[in-house]
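The next block holds one structure in the form of structure tokens; read it before the comments.
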Amino acid sequence: MPRWDITPNGVGAVVSHVGDVMKVLDDIVQAYSGDLEGAATSAGTLAPGGASGEHKGQTGLVAAALAEFMEGTADELQFIGVRVGKSVNGAVEATVAYQEGDLEMAAEVQNKASGLVMPDMPTGWEAGRL
């Protein structure tokens, strides 16, 4: 009997691993924001004499550049999780479709082997509801 070359348990293990990695990635993205802010604060200003204590609240060129960089990469960082989530959901949906297709193929092969003619059987996910 024909079978799909996919194992739902294997897909589940990969999906679980991706979830673990995404948790770590989320921590990294959160740290990224704080690290850039810290770097901008520590970068100092172009104040005369290099005094930083008396110019609180002012930012320099490096801080401005880091702020622009952070603003420019915010959308990309924000949508990493969205893209990964859609990919994982697609893998799960495809696995379910493969399983349903496998069940349909098995039923068709068994019906052909037994010589039975099945009248207008529902296909896809509806077949499992009978």
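The values are calculated or read from the model by the stated rules, or taken from the named source; none is laboratory data. Quick caveat: nothing in here was measured; it's all calculated off a predicted structure. Here the Cβ positions follow ideal geometry from the backbone for every residue, glycine too, while neighbour counts run over all protein chains shown.
May I ask you to verify whether THR73 is at pLDDT below 85, farther than 30 Å from GLU100 by Cα, among the β-branched types (Val, Ile, Thr) and surrounded by 12 or more Cβ atoms within 10 Å (Cβ to Cβ)? It is false that THR73 is at pLDDT below 85, farther than 30 Å from GLU100 by Cα, among the β-branched types (Val, Ile, Thr) and surrounded by 12 or more Cβ atoms within 10 Å (Cβ to Cβ).
Scanning segment 60-70 for any residue that is surrounded by 10 or more Cβ atoms within 10 Å (Cβ to Cβ), of a type in the set (Val, Ile, Thr), modelled with pLDDT under 85 and more than 30 Å from GLY19 (Cβ to Cβ) turns up nothing. For ASP20, the criteria (1) modelled with pLDDT under 85; (2) surrounded by fewer than 11 Cβ atoms within 10 Å (Cβ to Cβ); (3) part of a helix (DSSP H, G or I) hold in every case but one, which is (1).
Here VAL109 passes the criteria (1) among the hydrophobic types (A, V, I, L, M, F, W, C); (2) within 21 Å of ASP5 (Cβ to Cβ); (3) modelled with pLDDT of 75 or more except the one numbered (3).
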